[in-house]
Amino acid sequence: MTIFKSMQASIVGVLAELVNDGSLTLNAPMPSFVVEPPRDPSHGDLATNVAMILTKAAGKPPRAIAELLKPKLEALSNVIGVEIAGPGFINLRLKPEVWQDELKEILTRGLAYGDSDYGKRERVNVEFVSANPTGPMHAGHVRGAVLGDTLCNLMAKAGYDVTREYYLNDAGTQVDVLARTTFLRYREALGEDIGEIPAGLYPGEYLKDVGAALAKRDGAKWQGKDESEWLIPLRVFATSYILELIREDLALIGIRHDVFTNERELVENGTLDKAFKILEDKGLIYTGTLPPPKGKTMEDWEPVPLTLFRSSQFGDSTDRPLKKRDGVWAYIMPDIAYHYDKIQRGFGTMINVLGTDHGGYLDRIRPVVAAFSDGKARLDVIYNNIVKIFVNGVPVKLSKRSGNLITLREMVEQVGAGAVRFFMLTRAPESELEFDFAKVVEQTRDNPVFYVQYAHARCCSILRNAAELLPGQDLSAEALVGENISAIRSAEELALIRFLAGWSRAVEAAAAAREPHRVAFYLMDLAAQFHSLWNRGNDNAALRFIVPDDPALTRARLVLIKAVQTVIASGLAVMSCKPLEEMRNDRPEAA
């Protein structure tokens with residue numbers, strides 16, 4: 001149990017005492033309240049809004065409730081001070097022993113420190129990447145891939161049962177274009193001069209390998225055949241070949257999916273029909289007309305009867321057509337069927353990671369999720385903005401059609417998998433991100449990848465130096481847990497411990513908000529605090545971690561160092577980044 005949850009439980013106990021002795025009457029169930037670090041550390045160690053929250057239930061002003069709580073909170077064994085601030089906030093100061101004990105908790109739990117039961121094993125489906133199977137993974141895909149995978153790691157640490165899913169868009173016209181391009185490259189592999197790739201096909205060099213692989217497997221089988229004979233089998237071959245490439249590329253940055261769902265299978269196995277029938281049986285399908293598109297002047301526009309879903313009944317701005325004028329399924333229908341399928345598989349919470357070019361997707365799909373589940377299931381979407389790639393300070397435009405690609409594989413080869421992953425989380429998803437190869441590998445405090453890894457490597461260096469100073473002594477986490485650490489009580493040291501203790505709370509908050517980038521932000525702040533304490537030791541010998549003439553003090557401070565190292569490693573594990581034990585001058589390999 002974290003310090004925050006422990007204090008929350010203590011406050012609940014104090015409230016029960018006040019109710020039992022008649023000092024406080026609650027006319028409603030006790031509402032939830034928070035215990036958190038105060039915004040200004042000078043105000044204390046913990047702050048709670050419990051008095052503010054209880055005003056309505058108790059029928060008393062917040063300060064009156066706070067005054068009732070104050071003496072009982074002061075009597076708690078781990079509290080040394082209670083202050084009431086403003087309209088009724090309560091600030092608490094804890095004994096140093098509370099924070100010293102937290103260091104031992106960190107060492108005892110190791111990388112599992114920060115694990116939580118917050119999610120209560122709720123099943124969550126996270127769909128991410130889902131790149132069209134028409135080419136290799138490139139820089140434009142990487143941000144969503146890293147966001148999705150880190151979110152899965154984060155939610156698993158917070159106690160959710162997470163399934164990673166890839167939705168394969170293999171039923172659209174782009175896959176037919178892929179098949180036609182593959183056929184052209186196949187002919188080229190058999191020795192034919194194909195000339196320039198025609199407009200509308202994919203000119204990328206990567207498709208030469210696909211054509212060569214087909215020629216190796218089938219020989220001249222398709223040569224001279226009509227498109228009607230080869231289109232479907234080549235479509236299957238090309239998508240399977242490229243999907244395997246995508247899997248290999250994703251594995252380079254530690255990403256593996258649990259489930260691959262094919263759009264074409266949903267179409268062919270009748271899932272679209274089943275989903276439509278469900279909506280129809282619920283009375284949510286009708287034939288009607290829609291007004292002209294907003295913001296557009298269309299003089300020749302005429303209303304046309306369409307098959308519509310009563311999406312507005314579930315908060316949408318308009319009803320949505322599920323069939324085109326000619327009766328063919330609308331483009332949205334496969335996605336509707338896909339989410340129906342996920343609900344049928346038992347997922348009540350679904351999260352899709354999409355690019356900002358899919359804006360409006362949530363508005364269109366969330367109503368059908370509510371309709372299929374009678375409001376019990378929920379869909380969330382994380383939109384991630386574009387990544388601007390720079391090579392030697394020059395921006396690079398990415399285009400799969402033009403073949404002008406910087407692939408994921410190239411990124412990993414140049415800077416390392418961990419550096420790629422970490423850097424993709426240094427901005428909130430909705431913000432544009434600039435990935436400059438030179439900056440990702442520079443070893444300065446301005447590079448967050450280096451700055452965090454340097455903090456971990458510095459901890460490892462301190463422990464190695466201590467081992468030389470204290471030969472033969474056991475400096476493992478198991479041994480350090482039993483150390484007397486009462487000497488760790490300076491303001492700077494306690495401030496660092498308080499920040500370490502917030503890791504569990506940071507995990508839960510980031511998981512609840514679906515914001516995996518908060519992990520990177522937390523680690524950057526932790527690294528800053530640690531480096532700051534290191535620098536203070538340069539100015540004040542009393543604050544140094546290794547004190548040659550005081551082995552006991554040195555061992556006590558090694559407990560703090562080991563705790564910092566552990567929490568950084570725990571955070572990097574959520575990001576699937578390998579913590580470095582020493583920094584190299586060639587590049588920050590962090591995979």
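The values are calculated or read from the model by the stated rules, or taken from the named source; none is laboratory data. Small disclaimer: the values here were computed from a predicted structure and weren't measured. FYI the Cβ positions are ideal-geometry reconstructions off the backbone, even for glycines, and counts take in every protein chain you see.
Of note:
- Failed criterion for L151 (all others in (1) in contact with a Gly (Cβ under 8 Å, 6 or more places away or on another chain); (2) assigned to a helix (DSSP H, G or I); (3) of a type in the set (A, V, I, L, M, F, W, C) hold): (1)
Results for (1) surrounded by fewer than 23 Cβ atoms within 10 Å (Cβ to Cβ); (2) more than 19 Å from L154 (Cα to Cα); (3) at pLDDT 95 or above, shown as yes or no for each residue.
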| position | (1), (2), (3) |
| --- | --- |
| E413 | yes, yes, no |
| G418 | no, no, yes |
| K439 | yes, yes, no |
| C459 | no, yes, yes |
| I462 | yes, yes, yes |
| L469 | yes, yes, no |
| G472 | yes, yes, no |
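- Selection from the range 71-85 of residues that are in a loop (DSSP other than H, G, I, E, B) and within 16 Å of S23 (Cβ to Cβ): A75
- Test for D258: is it in contact with a strand residue (DSSP E or B) (Cβ under 8 Å, 6 or more places away or on another chain) and either modelled with pLDDT of 95 or more or buried (at least 19 other Cβ atoms within 10 Å of the Cβ) (or both): yes
- Number of positions in the range 474-518 that are part of a helix (DSSP H, G or I) and either surrounded by 15 or more Cβ atoms within 10 Å (Cβ to Cβ) or among the aliphatic types (A, V, I, L, M) (or both): 26
- Only residues that are in a loop (DSSP other than H, G, I, E, B), in contact with a strand residue (DSSP E or B) (Cβ under 9 Å, 6 or more places away or on another chain), within 28 Å of S570 (Cβ to Cβ) and of a type outside the set (V, I, T) were counted across the range 115-136, and they come to 4.
- Only residues that are touching a helix residue (DSSP H, G or I) at 6+ places or on another chain (Cβ under 6 Å) and assigned to a helix (DSSP H, G or I) were counted in the range 532-553, giving 4.
- In the range 116-141, the residue that is surrounded by the most Cβ atoms within 10 Å (Cβ to Cβ) out of those that are under 15 Å from L250 (Cα atoms) and either aromatic (F, W, Y) or at pLDDT 95 or above (or both) is F128.
- The one condition in (1) under 30 Å from A199 (Cβ atoms); (2) assigned to a strand (DSSP E or B) that I382 fails to fulfil: (1)
- For the range 154-176, the criterion of being farther than 26 Å from K562 by Cα and in contact with a Cys (Cβ under 8 Å, 6 or more places away or on another chain) is met by at least one residue.
One line per residue, one yes/no per condition, for (1) within 15 Å of R93 (Cα to Cα); (2) of a type in the set (S, T, N, Q); (3) in contact (Cβ under 8 Å) with a residue 60 or more places away in the chain:
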residue	(1), (2), (3)
S6	yes, yes, no
A9	no, no, no
L15	no, no, no
L18	no, no, no
G22	no, no, no
V34	no, no, no
P38	yes, no, no
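- Unique match (being at pLDDT 95 or above and in contact with a strand residue (DSSP E or B) (Cβ under 9 Å, 6 or more places away or on another chain)) among A112, A51: A51
- Restricting attention to the range 203-250, the residues that are over 32 Å from the mean Cα position of the chain (by Cα), outside any helix (DSSP H, G or I) and not hydrophobic (A, V, I, L, M, F, W, C) add up to 8.
- Residue count for the range 319-372, restricted to those that are at pLDDT 95 or above, in a helix (DSSP H, G or I) and among the β-branched types (V, I, T): 5
- Selection count, the range 190-216, where residues are surrounded by 11 or more Cβ atoms within 10 Å (Cβ to Cβ) and without any contact (Cβ under 8 Å) to a residue 40 or more places away in the chain: 14
- Residue in the range 461-472 that is of a type outside the set (D, E), within 21 Å of I253 (Cβ to Cβ) and out of contact with any helix residue (DSSP H, G or I) (no Cβ under 9 Å at 6 or more places or on another chain) present: no
- Checking L111, L73 one by one, the residue that is of a type in the set (A, V, I, L, M, F, W, C), over 29 Å from R345 (Cβ atoms) and within 23 Å of the chain's Cα centre (by Cα) is L111 and no other.
- Criterion violated by I90 - all others in (1) among the β-branched types (V, I, T); (2) in contact with a strand residue (DSSP E or B) (Cβ under 6 Å, 6 or more places away or on another chain); (3) at pLDDT below 95 satisfied: (3)
- Some residue of the range 38-60 being touching a Ser or Thr at 6+ places or on another chain (Cβ under 9 Å), of a type in the set (A, V, I, L, M, F, W, C), closer than 15 Å to I3 by Cα and surrounded by 13 or more Cβ atoms within 10 Å (Cβ to Cβ): no
- Selection over the range 423-444 of residues that are touching a residue at least 12 places away in the same chain (Cβ under 8 Å) and either of a type in the set (V, I, T) or in the same structural domain as A513 (by TED's automatic domain parsing) (or both) gives a count of 3.
- Residue count for the range 142-189, restricted to those that are within 30 Å of L201 (Cβ to Cβ), of a type in the set (K, R) and surrounded by fewer than 23 Cβ atoms within 10 Å (Cβ to Cβ): 2
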